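Notes for the one structure printed next.
Each reported figure results from applying straightforward, stated rules to the coordinates on display, with no laboratory input. Just so we're clear, the structure is a prediction, and the values are computed from it rather than from any experiment. FYI the Cβ positions are ideal-geometry reconstructions off the backbone, even for glycines, and counts take in every protein chain you see.
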Amino acid sequence: MGRSVLVTGGNRGIGLAIAKAFLAQGDKVAVTHRGSGAPEGMLGVKCDVTSSAEIDAAFAEVEAAHGPVEVLVANAGITDDTLLLRMSEEQFTRVLDANLVGAFRFAQRASKGMLRKKFGRIVFISSVVGLSGGAGQVNYAASKAGMVGMARSITAELGSRNITANVVAPGFITTDMTAELPDAVRDGVLKRIPAGRYGSVEDIAKAVTFLAADDSGYINGAVLPVDGGLGMGH
Ligand code: NDP
């Protein structure tokens with residue numbers, strides 16, 4: 001342990017739980033935020049994932065404090081739901097830019113140090129919706145499905161250097177993101193979850209630290225659903 005870990009959007013929600021889990025096991029944890037700062041014990045770097053310049057500055061700060069990033073969790077993400085016929089091109093590209101291109105920017109930047117070190121763990125936080133699709137989520141589902149192809153392509157390129165790239169696909173997790181949904185939608189989803197409950201942020205953190213462990217090096221290009229059975233393994 002004691003590795004240099006970077007979690008995007010690690011200031012709240014799922015990202016914060018992931019960051020806390022790495023901290024608890026003795027890693028050096030940096031999180032990106034957009035002004036809120038970071039909790040005690042973590043290095044907060046101010047960074048919008050849509051800005052390459054801010055990402056470069058964030059990496060410089062993390063590398064100076066913790067050394068090259070050895071574990072990257074691309075977690076930052078947004079939704080902007082509406083039906084296909086109403087969705088503007090701007091709504092589509094904005095979600096893709098934050099969720100998918102943002103994850104690409106971080107993975108590309110982190111991979112340089114990982115290649116030098118011949119060690120790396122990259123985990124993309126996708127979604128059950130990336131594999132099943134969802135009405136009103138053409139932009140979001142496309143961004144999350146894209147992570148699967150991206151992780152597997154990174155695996156094909158860098159797998160021989162002890163660098164893994166995997167995907168965690170959460171189901172319905174209780175955070176600010178899902179709190180915005182109408183009660184009828186929340187209740188409807190609950191009925192379809194075999195586990196009979198919404199997921200917790202800790203459920204996701206557990207899967208991420210597992211995939212990022214030093215001795216998880218033979219799990220590569222995998223998609224791990226953490227959804228109480230909602231996607232039935234896809
Ligand atoms: P929240 O809405 O609670 O948090 C979103 C996080 O992403 C915040 O830290 C936010 O930063 C950050 N973020 C968003 N856009 C940007 C940006 N442009 N630059 C930098 N940071 C940004 O979401 P969750 O914790 O629920 O979700 C985390 C991830 O998990 C997302 O990728 C989401 O798609 C995915 N997910 C969530 C599910 C759920 O049920 N909650 C289900 C499946 C997947 P800030 O605080 O500055 O806004």
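The table below lists the values:
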| quantity | calculated |
| --- | --- |
| Potential extension, residue 202-residue 185 segment - 0.36 nm per residue separation minus Cα distance | 3.8 nm |
| Among 183, 27, 97: highest mean-square fluctuation, GNM of the chain, C-alpha pairs under 10 Å | 183 |
| Range of Cα positions in the chain per principal axis (Å), largest first | 47, 37, 35 |
| Amide H contacts under 5 Å for residue 30, placed H, 5+ residues apart | 5, 6, 7, 43 |
| GNM top mover of 96, 83, 224 - the chain, alpha-carbon springs below 10 Å | 83 |
| Segments 175-182, 155-162, 8-15 sorted - mean Cβ within 10 Å per residue, highest first | 8-15, 155-162, 175-182 |
| GNM flexibility winner over the chain from 168, 128, 185 (Cα, springs under 10 Å) | 185 |
| Subset of 28/206; 20/118; 28/117 violating a 19 Å alpha-carbon distance limit | 20/118 |
| C-alpha center-to-center spacing [segment 128-172, segment 1-46] in angstrom | 22 Å |
| Distance between modelled label sites at residue 161 and residue 93, nm, 7 Å Cα→Cβ extension | 3.1 nm |
| Estimated 222 nm signal from helices in the chain, with DSSP H stretches of n ≥ 4 weighted -39500 (n - 2.57), rounded to 500 | -13000 deg cm²/dmol |
| FRET E, pair residue 36, residue 192, Förster distance 25 Å, beta-carbon r, rounded to 0.05 | 0.15 |
| Inter-label distance for residue 57 and residue 135, nm, one decimal - labels placed 7 Å from Cα along Cα-to-Cβ | 4.4 nm |
